[in-house]
Amino acid sequence: MPIPRKLIVDNEQSGVYHCIARCVRRAFLCGLDPLTGNSYEHRKAWVQYRIFELAEIFSITVYSYAVMSNHVHLVLQTNPDISNAWSDTE
């Protein structure tokens, strides 16, 4: 049985995580879909931009990333010291 993330990740301690997100049902995130011939290469720059935009918002350091045709790999570090210094408004 899977373990809930709240039991794995300690919000008060910095940690490094390898995260993977993949597309389902033979969908393509970016690149050329050999089945349909459609090109989704325009999405790659958007995904890269969004990774770093969200990292700033959530006080996360991106050590490494790979945007593949149907999945994304991320090596991230949480930074609770930074987010604990933020005001409630931030």
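What follows is calculated from the coordinates using simple rules that are stated; it is not laboratory data. Fair warning: this is a prediction, and the values are worked out from it, not measured in the lab. Positions of Cβ are backbone-derived with ideal geometry, glycine not excepted, and every protein chain shown enters the neighbour counts.
Of the residues that sit in segment 54-84 and are polar (S, T, N, Q) and touching a helix residue (DSSP H, G or I) at 6+ places or on another chain (Cβ under 8 Å), which one is surrounded by the most Cβ atoms within 10 Å (Cβ to Cβ)? Show your work before the answer.
Within segment 54-84, the subset polar (S, T, N, Q) is 59, 61, 64, 69-70, 77-79, 83-84.
In the following step, the residues that additionally are touching a helix residue (DSSP H, G or I) at 6+ places or on another chain (Cβ under 8 Å) were identified as 59, 61.
On the way: SER59: 17, THR61: 14.
Out of the qualifying residues, it is SER59.
For segment 48-59, state whether one or more residues are in contact with a strand residue (DSSP E or B) (Cβ under 6 Å, 6 or more places away or on another chain) and not in a helix (DSSP H, G or I). Looking for residues that are in contact with a strand residue (DSSP E or B) (Cβ under 6 Å, 6 or more places away or on another chain) and not in a helix (DSSP H, G or I), one finds none in segment 48-59, hence no. Applying a threshold of 6 Å to beta carbon distances and a minimum spacing of six or more residues, or different chains, the list of pairs starting in segment 59-83 at a residue that is closer than 30 Å to LEU32 by Cβ and ending at one that is part of a loop (DSSP other than H, G, I, E, B) reads SER69/PHE28; SER69/GLY31; ASN70/CYS23; ASN70/PHE28; ASN70/LEU29.
Checking the structure you have, find out if any residue of segment 36-49 is among the small types (Gly, Ala, Ser), surrounded by fewer than 10 Cβ atoms within 10 Å (Cβ to Cβ) and either out of contact with any Asp or Glu (no Cβ under 7 Å at 6 or more places or on another chain) or within 22 Å of SER69 (Cα to Cα) (or both). Spell out the reasoning first.
At the first step, the residues of segment 36-49 found to be among the small types (Gly, Ala, Ser) are 37, 39, 45.
Subsequent filtering for residues that are surrounded by fewer than 10 Cβ atoms within 10 Å (Cβ to Cβ) retains 37.
Then keep just the ones that are either out of contact with any Asp or Glu (no Cβ under 7 Å at 6 or more places or on another chain) or within 22 Å of SER69 (Cα to Cα) (or both); that gives 37.
Yes.
For segment 7-24, a residue qualifies if it is under 11 Å from the mean Cα position of the chain (by Cα) and small (Gly, Ala, Ser), and exactly one does: ALA21. Would you confirm whether any residue within segment 20-33 is small (Gly, Ala, Ser), farther than 27 Å from THR78 by Cβ, in contact with a strand residue (DSSP E or B) (Cβ under 6 Å, 6 or more places away or on another chain) and in a strand (DSSP E or B)? Among the residues of segment 20-33, not one is small (Gly, Ala, Ser), farther than 27 Å from THR78 by Cβ, in contact with a strand residue (DSSP E or B) (Cβ under 6 Å, 6 or more places away or on another chain) and in a strand (DSSP E or B), which makes the answer no. From the list ARG50, ARG22, the lone residue that is of a type in the set (Lys, Arg) and in contact (Cβ under 8 Å) with a residue 40 or more places away in the chain is ARG22.
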